[in-house]
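Heads up, the thing below is written out as structure tokens.
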Amino acid sequence: MEESEGPRGGVEAVIFDMDGVILDTETLSNRVWIQAAEELGLSDIRPAMFACIGMNKADTVLLLRRFYGDSFDAPGFLERTSELFREAAARDGIPLMPHALEAVRYVRGRHRLALASSTREAVVRRQLSAAGLLDCFETLTCGDMVEHSKPDPEIYLRACASLGVEPARCAAIEDSPNGVRSAAAAGLKVVMVPDKIQAEPEIKALLWHLCPSLDGIKSFL
């Protein structure tokens, strides 16, 4: 991990991921993926499910076809998972991740704040609005705004450009290996707060900081 440049690491802006960082969507998403796979009689969906965390829809379709073959109806599968997700979210809501509200408000009071999520913009706006956090972010860069999402660096490069801040002066808050790879390739200082997948040595080598929870970011941002 890199050493800090001054008390706040020379950071001017902070770019948050949403799923698994701010909102606990991953728990619900995993549940509906398993349900949809069982309906289709698919073999264990977990390897594909974890491999695509952080990807947008287009890249997820490609990944699913690598797992299940070119003839697999990946768009249909994803539509079914979306349907199940909407039903469950409407029934139960989507909880915030631990310390998410405090972390967003804390960072907003000290840095410029943006979001880089592989989720579609309409969904991001709806979910952040329901959580009361939409107005906290200066810009949103979403999965349907880029050709390839995480682990490709495009989404973070666009997010930095939307703020007019150089990537080296931005910190990314991520939970997944794909997100970490994306932000690191774009040249940001990467903070990982693991959710479903823990940091392996390869990922740790890309990090500025590794935190067990969002509460830990207050010590360096």
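The values are calculated or read from the model by the stated rules, or taken from the named source; none is laboratory data. Because the structure is predicted, anything quoted here is derived from the model rather than measured. As a convention, Cβ positions derive from the backbone with ideal geometry for all residues, glycine included, and neighbour counts pool all protein chains shown. With ligands, DNA and RNA removed, areas are computed over all heavy atoms of the protein, side chains included. Shrake-Rupley method; radii C 1.70, N 1.55, O 1.52, S 1.80 Å.
Regarding region 71-210, what whole-number volume in Å³ per residue does the convex hull of its Cα atoms give?
130
If you take every DSSP beta bridge fully contained in the chain, what fraction is antiparallel? Give it as a percent rounded to 5.
Of the beta bridges lying entirely in the chain, close to 5 percent run antiparallel.
Can you pick out the pairs among LYS189/LYS218; LYS150/LYS189; LYS57/LYS189 whose Cα atoms lie more than 23 Å from each other?
LYS57/LYS189
Relative to the compact globular guide of 2.2 N^0.38 Å, what is the alpha carbon radius of gyration of region 1-144, as a ratio?
Relative to the 2.2 N^0.38 Å estimate, region 1-144 comes out at 1.18.
Please give the contour-minus-distance gain from ASP144 to PHE67: 0.36 nm per residue of separation, less the Cα-Cα distance, rounded to one decimal in nm.
On the way: separation 77, 0.36 × 77 = 27.72 nm, distance 2.31 nm.
Result for the pair: 25.4 nm of gain on full extension.
Quick one: which residues, 5 or more positions from ASP152 or on another chain, have an amide H under 5 Å from its amide H? H modelled 1.01 Å from N in the peptide plane, none for Pro or chain starts.
Here the answer is none, since no amide H 5 or more places off falls under 5 Å of that of ASP152.
Please compute the length gained on full extension between ASP215 and ALA161, using 0.36 nm multiplied by the number of residues separating them and subtracting their Cα-Cα distance.
Roughly 16.7 nm would be gained on extension.
How long, wide and thick is region 80-146, going by the Cα atoms along their three principal axes, in whole angstroms, largest first?
Computed over region 80-146, the largest-to-smallest principal extents equal 40, 28, 16 Å.
Residues of the chain: accessible area per residue at 1.4 Å, in Å²?
Values: 9990 Å² over 221 residues.
Counting only protein heavy atoms, the per-residue value for the chain is 45 Å².
If I model a spin label as a point 7 Å beyond the Cα along the Cα-Cβ vector, how far apart are those points for GLU39 and ASP92 in nm?
About 1.6 nm, to one decimal.
Using a 1.4 Å probe on the protein chains only, how many percent of the accessible area of region 12-128 belongs to carbon and sulfur?
The C+S portion of the solvent-accessible surface of region 12-128 is 50 percent.
Using alpha carbons only, how many angstrom separate the centre of region 45-89 from the centre of region 110-168?
A separation of 21 Å, based on Cα centres.
Full-extension gain between GLU121 and ARG108, please, as 0.36 nm times their residue separation minus the C-alpha to C-alpha distance.
Extending this stretch completely gives an extra 2.6 nm.
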